[in-house]
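Only one structure is covered here, and it is reproduced in the block below.
The values are calculated or read from the model by the stated rules, or taken from the named source; none is laboratory data. Since we're looking at a predicted model, the values are computed, not measured. Glycine also receives a Cβ, built like all others from the backbone with ideal geometry; neighbour counts cover every protein chain displayed.
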Amino acid sequence: MRKPRDFDAELRALSEKAAQLKTRKVQQFGELVIATGADTLSIEELTGALVTIAATNDPQKREAWARKGEAFFQGKARKGGKRTQGDAQCGAKDPDSDPAH
């Protein structure tokens, strides 16, 4: 005879796994904020930037941001330290970073 499945134990294991994944996601997000230098921004600035990005429906802007992100992860945007060259210019001449558009 087959042993019946313990659905409660499986559900507990899945819940624990989900909690671990959520914790890891939050930790990795924090590491990303630090690696990009965004930890120097106020919480209001960072929140405003994220809200603007989330509300943007312009596919060209999103693609440009995706390319910048990909370059960062490939190490092309990193030049001697945590900050990128774009951060040194404060994004003033970069239309993709302008939250008003």
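Some points to look at:
- Of all residues in the stretch 19-67, those satisfying the criterion of being of a type in the set (S, T, Y), assigned to a helix (DSSP H, G or I) and without any contact (Cβ under 8 Å) to a residue 12 or more places away in the chain are T23, T40, T47.
- Total residues in the stretch 19-43 satisfying the condition of being hydrophobic (A, V, I, L, M, F, W, C) and either under 14 Å from F72 (Cβ atoms) or within 13 Å of the chain's Cα centre (by Cα) (or both): the figure is 7.
- G75 exposed (fewer than 10 other Cβ atoms within 10 Å of the Cβ), modelled with pLDDT under 50 and under 17 Å from E31 (Cα atoms): no
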